[in-house]
Amino acid sequence: HWLKRVRYTDDTAVNELEIGGRNLILKSNINIGKTVDLSGGGLISASDRDVIHKVPVIPNTVYTFSIGMNANFITRVVEFTESGAFKNSAIPNISYPYTFTTSPDTYFMSFGLNNETAGGTSANSWKLEKGNKATDWTPAPEDVQAEINNAKQEALTAAGNAQTSANTANTAIENLNT
C-alpha cells in the first residue's frame, strides 16, 4: 500500500533572505553619555546625542541597522559620497531593526540618535550589517582584535613588573648575605 505525501513550500521567503552578521560599526557597544575616539568609523557622543560617524558602505546594497535601547529616540540617517562629501540627511520614521538599500552614489553613512526622554535612558549594541535580517549584536572583528592586543600588552606589562620586583627582591637578599 503506497502513501502519497504532498509537500508545498514557498521558497520566496528563503530565497530573498540575506544574513550578513558582521558588525560594520567599530566601538559599537557604548551607552549614551560616553565619548570614544572617532578613528575608523566609530561612535561620537555629545550630551544627549550619539552619532555613528561615516561607516563605509557599498552602493546599491541592502543593510540592516539595529540598536539596543530603552528610550524614545529620533534617528537621523546621513549619507556621504565616495569623496566623503555630505549628500543627504533625513529623519525617517523607522523602527528597529531598520532595513534599507543604499543609493547608487552612497559610500559612507552616519546614524544619529537624539534622546527624547530625560534620565534613565540607554542606547547600546549598535550594529550595521549587510543583508535584510538582523542578527544578535557582536563586536566588529577589529574591536575583538583590539581587545586581544590590549590584554596581551597588559599581560606583558604585568610580567615585566613582576620580573622587576623579583630582581629587586633577589638583589636585596644578596645584599643581606654579603
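Observations, loosely collected:
- Taking each residue of the range 144-170 that is free of Cβ contacts under 8 Å to residues at least 24 places away in the same chain and looking for partners that are β-branched (Val, Ile, Thr) with beta-carbon atoms closer than 8 Å, six or more apart or interchain, yields nothing.
- The set of residues in the range 19-65 that are assigned to a strand (DSSP E or B), crowded, with 19+ Cβ neighbours inside 10 Å and at pLDDT 50 or above comprises Asp50, Ile52, His53, Val55, Tyr63, Thr64, Phe65.
- Tally, over the range 123-178, of residues that are open to solvent by 70 Å² or more (accessible area, probe 1.4 Å) and in contact with a strand residue (DSSP E or B) (Cβ under 8 Å, 6 or more places away or on another chain): 3
The values are calculated or read from the model by the stated rules, or taken from the named source; none is laboratory data. Model, not experiment: these values are computed from the prediction. Cβ coordinates were reconstructed from backbone atoms using ideal geometry, including for glycine residues, and neighbour counts include every protein chain displayed. Heavy atoms of the whole protein, side chains included, go into the accessibility calculation; ligands, DNA and RNA do not. Shrake-Rupley method; radii C 1.70, N 1.55, O 1.52, S 1.80 Å.
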